[in-house]
Amino acid sequence: MSFYTSLCSSLIFPLHEVLKKHSTVRVRRDMERSQWWSPQQIRQAQLKTLRLFLSDVQAHVPYYRQLFAELGLDVAQIELSELSRLPLLTKAEIRQHLPEMSADDAEGLARFNTGGSSGEPLIFYIGRRRVSHDVAAKWRATRWWGVDIGDPEAVIWGSPIELGAQDKIRLLRDKLLRTHLIPAFEMSAEKVDGFIRQLQQIRPKMLFGYPSALAHIAGRAEQTGVRLDDLGVKVAFVTSERLYDHQREKIESVFGCPVANGYGGRDAGFIAHQCPHGGMHITAEDIIVEIVDKDGKPLPNGELGEIVVTHLATRDFPFIRYRTGDMGILSEKMCGCGRGLPLLEELQGRTTDFVVALDGTVLHGLALIYVLRDLEGVEAFKITQESLEKTTVQIVKSASYRDEAEQKIVAEFKKRLGQAVTVNIEYTDYIPKERSGKFRYVISHVKP
């Protein structure tokens, strides 16, 4: 660790957090101890925190005070297995009861909103405690990879929400901490060439961004013969989108560094992060993860379902059994790193990343993605399942694209979705991202 990095992580950033009345440093230190506890110790600590959290919420949050009373729930004696007695929290429920969702003694609440890539934008509030815990969890995970706050970092981000939040104080902080924001909302060849030049100037120790954006930059560098594996990047952190194997391979190959997958959201919090041994560790000190079926019933470890989270540091605006809309599998295994934190065995993207065949069979979007990804001349694509009977494929083609490829796409899609399905192919010069800045290869309007 360089002297400047040590100065940032031990003095400049902690001072910044103290001035903002955040407890980030203490929380991160506590987390670095608790991550080595046994699974049983972590569950016992979770239960203790859950009881205190729900009791606090019951006393101060009108919405949950009424809900707990209606359920006749003694939250001070609740067991982890009884959490499923509470109803699932949806975006619609939050929108409907927004005024009653905040604690009556909450201070310093900040207004946030999701980008609405799922079609359901959401306004909600975050208190200082939650910010401290989320930042601490991310900080801990960063240190797993031998990098720290103060190491040069390039943030390849595309969300206009983050970009619009820049102000003089934040810009000064980023400069002191050597964080360089690259606004990658537009990814034209000219823009990407400029991003590559910026990376060569910054020589970051770590990258952070959408996997689609990093993979696109890596692909452009490879195409133009620009080396990026000599920049000294130690790790590329990716988040906010599903990480596909081909994206991981491209980023690792071009930048010459490992890719660390992260999972979380502005609404749900910092849920899980991959360690160097490959395990996706859940931030269990703060977050209880459940996997539920389509009817909202909890599923055992090893089964695929929707990810539901309870964030234990959200007393000012509680997220209790919140439906993320993402699909995943919990694991009973222990990671080779020795941490007792529970693992997400698989993270399979949003419920809208799945498509439904005409006979009702649910398929992961990868079943269609692979058809297009392996075709010569396909530079970019997007698949939209409009209905059971109709699917549209948008394609950006290059000079090497062959007309017979269209017949193959239609035939392969029909083979998977059903012979009676109409497959429309549209050619375009550019496929825009979602309003959030994310890119989604597959969107289905058919519920699995």
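The values are calculated or read from the model by the stated rules, or taken from the named source; none is laboratory data. For clarity, every value in this text was computed on a predicted model and none was experimentally measured. A quick note on method: Cβ atoms are made from the backbone with ideal geometry, for glycine too, and the neighbour counts reach across all protein chains shown. Only protein heavy atoms, including side chains, enter the accessible area calculation; ligands, DNA and RNA are left aside. Shrake-Rupley method; radii C 1.70, N 1.55, O 1.52, S 1.80 Å.
Before moving on, here are some points about what is shown:
- Taken over region 46-72, the criterion of being in contact (Cβ under 8 Å) with a residue 40 or more places away in the chain, under 16 Å from residue 341 (Cα atoms) and touching a helix residue (DSSP H, G or I) at 6+ places or on another chain (Cβ under 7 Å) is satisfied by 46 alone.
- All strands (runs of 3 or more DSSP E) inside region 242-307 with 1 or more residues being open to solvent by less than 20 Å² (accessible area, probe 1.4 Å) and among the acidic types (Asp, Glu): none
- Residue within region 218-227 that is modelled with pLDDT of 95 or more, of a type in the set (D, E, K, R), touching a helix residue (DSSP H, G or I) at 6+ places or on another chain (Cβ under 8 Å) and assigned to a loop (DSSP other than H, G, I, E, B) present: yes
- In region 189-236, the qualifying residues are those that are among the aromatic types (Phe, Trp, Tyr) and under 18 Å from the mean Cα position of the chain (by Cα), and the one that is nearest to residue 250 (Cα to Cα) is 210.
- Annotation: of all residues in region 22-38 being in contact with an Asp or Glu (Cβ under 9 Å, 6 or more places away or on another chain) and surrounded by fewer than 20 Cβ atoms within 10 Å (Cβ to Cβ), the one that is nearest to residue 343 (Cα to Cα) is 34.
- Taking the criterion of being among the hydrophobic types (A, V, I, L, M, F, W, C), surrounded by 12 or more Cβ atoms within 10 Å (Cβ to Cβ) and modelled with pLDDT of 90 or more, the residues of region 403-430 that qualify are 409, 410, 411, 413, 417, 421, 423, 425.
- Neighbours by Cβ (under 6 Å, 6+ apart or cross-chain): first from region 73-99, within 21 Å of residue 126 (Cα to Cα) and surrounded by 15 or more Cβ atoms within 10 Å (Cβ to Cβ); second modelled with pLDDT under 90 and not polar (S, T, N, Q): 88/296; 91/120; 91/122
- Of everything in region 321-352 that is among the aliphatic types (A, V, I, L, M) and surrounded by 18 or more Cβ atoms within 10 Å (Cβ to Cβ), the residue that is modelled with the lowest pLDDT is 347.
- Test for residue 128: is it under 23 Å from residue 290 (Cβ atoms), at pLDDT 90 or above and open to solvent by 50 Å² or more (accessible area, probe 1.4 Å): no
- Each residue in region 45-71 was checked for being out of contact with any Phe, Trp or Tyr (no Cβ under 9 Å at 6 or more places or on another chain) and outside any helix (DSSP H, G or I), and 0 pass.
- Residue in region 150-170 that is modelled with pLDDT of 75 or more and farther than 24 Å from residue 259 by Cα present: yes
- Residues that are under 20 Å from residue 129 (Cα atoms) and touching a helix residue (DSSP H, G or I) at 6+ places or on another chain (Cβ under 8 Å) within region 73-105 comprise 100, 101, 103, 104, 105, listed in sequence order.
- Among the residues making up region 1-18, a single one is open to solvent by 70 Å² or more (accessible area, probe 1.4 Å) and outside any helix (DSSP H, G or I): 1.
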